[in-house]
1. Out of all the residues in segment 228-237, is one or more in a loop (DSSP other than H, G, I, E, B) and either within 14 Å of Thr113 (Cα to Cα) or in contact with a Phe, Trp or Tyr (Cβ under 7 Å, 6 or more places away or on another chain) (or both)?
2. With (1) over 19 Å from Leu71 (Cβ atoms); (2) surrounded by fewer than 13 Cβ atoms within 10 Å (Cβ to Cβ); (3) more than 16 Å from the ligand (Cβ to nearest atom) as the list, and Arg204 as the residue in question, which single condition is left unmet?
3. Are any of the residues in segment 92-105 under 18 Å from Glu235 (Cα atoms) and either of a type in the set (Gly, Ala, Ser) or modelled with pLDDT under 85 (or both)?
4. Which of the residues belonging to segment 172-201 are under 24 Å from the mean Cα position of the chain (by Cα) and of a type in the set (D, E, K, R)?
5. Are any of the residues in segment 184-192 β-branched (Val, Ile, Thr), within 13 Å of the ligand (Cβ to nearest atom) and touching an Asp or Glu at 6+ places or on another chain (Cβ under 6 Å)?
6. Sort out which residues of segment 172-196 are without any contact (Cβ under 8 Å) to a residue 24 or more places away in the chain and surrounded by fewer than 17 Cβ atoms within 10 Å (Cβ to Cβ), and write them in order of number.
7. So which residues in segment 1-40 are modelled with pLDDT of 85 or more, out of contact with any Phe, Trp or Tyr (no Cβ under 8 Å at 6 or more places or on another chain) and polar (S, T, N, Q)?
Amino acid sequence: MQIGKMPTLLHAVIDASGLSRRKAFAAIRDGLVTVDRVTAQDPSSEYEGGVLRLDGRVIEAGAEPRTYLLLNKPPGFMTTMSDEMGRRTVLDLVPPELRSQGLHPVGRLDRDTSGLLLLTNDGDFTYALTHPKHEVEKEYWARLAAPADEAVFAALRRGVEIDGQVRRPLRIGRLRDPRFQVSVTIQEGRNRQVRRLFESAGARVTALRRMREGPLDLGSLPEGAVRRLTGEEVEGLRVLP
Ligand code: URA
């Protein structure tokens with residue numbers, strides 16, 4: 001598309017659908033193309049944005065509203081939007097009216113990990129939060145199979161080996177919560193990072209919950225519940241270094 005000049009509807013349909021010019025033209029002529037749910041008539045009209053659909057299917061999200069959700073994920077749900085083995089996914093916890101918005105999880109939690117998980121349909125937002133260059137701090141609370149002795153803390157503070165590299169949490173601390181004994185803050189988001197840090201330090205995690213991501217706290221949101229982020233919260237996450 002040219003910058004500074006609106007594309008025609010015909011070009012927008014060709015770009016978004018990959019159809020040939022002839023087929024895109026025919027689709028518009030046959031009334032199969034809508035812009036913001038209004039049937040488009042004229043292939044040569046200017047396309048000024050808006051949700052472009054071909055035969056009911058969104059081919060260009062246009063100015064569709066962005067959605068940002070915070071879920072308190074319970075254990076036992078996959079962090080995907082569909083699962084070929086039919087297991088429960090975080091999409092099952094999203095209110096039905098929001099399920100068709102093209103949401104995806106921002107990063108992931110293991111199936112058995114609970115806590116704060118963001119969902120959005122804003123790819124730039126996800127990129128900003130998960131790119132290794134500017135990954136945000138995440139705080140987890142861990143329950144261990146046996147009370148953590150000083151040797152475990154000392155090993156984590158020194159750093160333990162994961163995938164051939166020495167890694168250490170940004171912070172660790174003891175908790176006085178009856179369910180979780182240790183708080184761990186990390187910046188990277190490697191697969192099963194917290195569980196593997198503990199394993200390498202000689203302890204086994206039996207329950208893990210993400211409590212915080214950057215400035216966002218899980219707060220008192222009940223397990224399994226979802227809430228929208230406020231505009232301020234979204235902006236706060238966007239501007240993280
Ligand atoms: N670290 C883990 O081990 N599991 C998670 O789900 C997240 C971080």
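1. If we filter segment 228-237 for residues that are in a loop (DSSP other than H, G, I, E, B), which is where we start, we get 229-230.
Now narrow it down to the ones that are either within 14 Å of Thr113 (Cα to Cα) or in contact with a Phe, Trp or Tyr (Cβ under 7 Å, 6 or more places away or on another chain) (or both): 229.
Yes, some residue in segment 228-237 is in a loop (DSSP other than H, G, I, E, B) and either within 14 Å of Thr113 (Cα to Cα) or in contact with a Phe, Trp or Tyr (Cβ under 7 Å, 6 or more places away or on another chain) (or both).
2. (3)
3. For segment 92-105, residues under 18 Å from Glu235 (Cα atoms) and either of a type in the set (Gly, Ala, Ser) or modelled with pLDDT under 85 (or both): absent.
4. The answer is Glu188, Arg190, Arg192, Arg195, Arg196.
5. Let us first name the residues in segment 184-192 that are β-branched (Val, Ile, Thr), namely 184-186.
Applying the additional criterion that residues be within 13 Å of the ligand (Cβ to nearest atom) yields 184-186.
With the extra rule that they be touching an Asp or Glu at 6+ places or on another chain (Cβ under 6 Å), the set shrinks to 185.
Yes: segment 184-192 contains one or more residues that are β-branched (Val, Ile, Thr), within 13 Å of the ligand (Cβ to nearest atom) and touching an Asp or Glu at 6+ places or on another chain (Cβ under 6 Å).
6. Answer for segment 172-196, where residues must be without any contact (Cβ under 8 Å) to a residue 24 or more places away in the chain and surrounded by fewer than 17 Cβ atoms within 10 Å (Cβ to Cβ): Gly173, Arg176, Pro178, Asn191.
7. Of everything in segment 1-40, those that are modelled with pLDDT of 85 or more, out of contact with any Phe, Trp or Tyr (no Cβ under 8 Å at 6 or more places or on another chain) and polar (S, T, N, Q) turn out to be Ser17, Ser20, Thr34, Thr39.
Results for (1) of a type in the set (S, T, N, Q); (2) surrounded by fewer than 17 Cβ atoms within 10 Å (Cβ to Cβ), shown as yes or no for each residue.
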| position | (1), (2) |
| --- | --- |
| Leu10 | no, no |
| Arg21 | no, yes |
| Ala40 | no, no |
| Leu54 | no, no |
| Arg66 | no, yes |
| Leu71 | no, no |
| Thr80 | yes, yes |
| Thr89 | yes, no |
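The values are calculated or read from the model by the stated rules, or taken from the named source; none is laboratory data. In this text the structure is predicted, and so the values were computed from the model without any measurement. Note: ideal-geometry Cβ built from the backbone for every residue, glycine included; neighbour counts use all protein chains shown.
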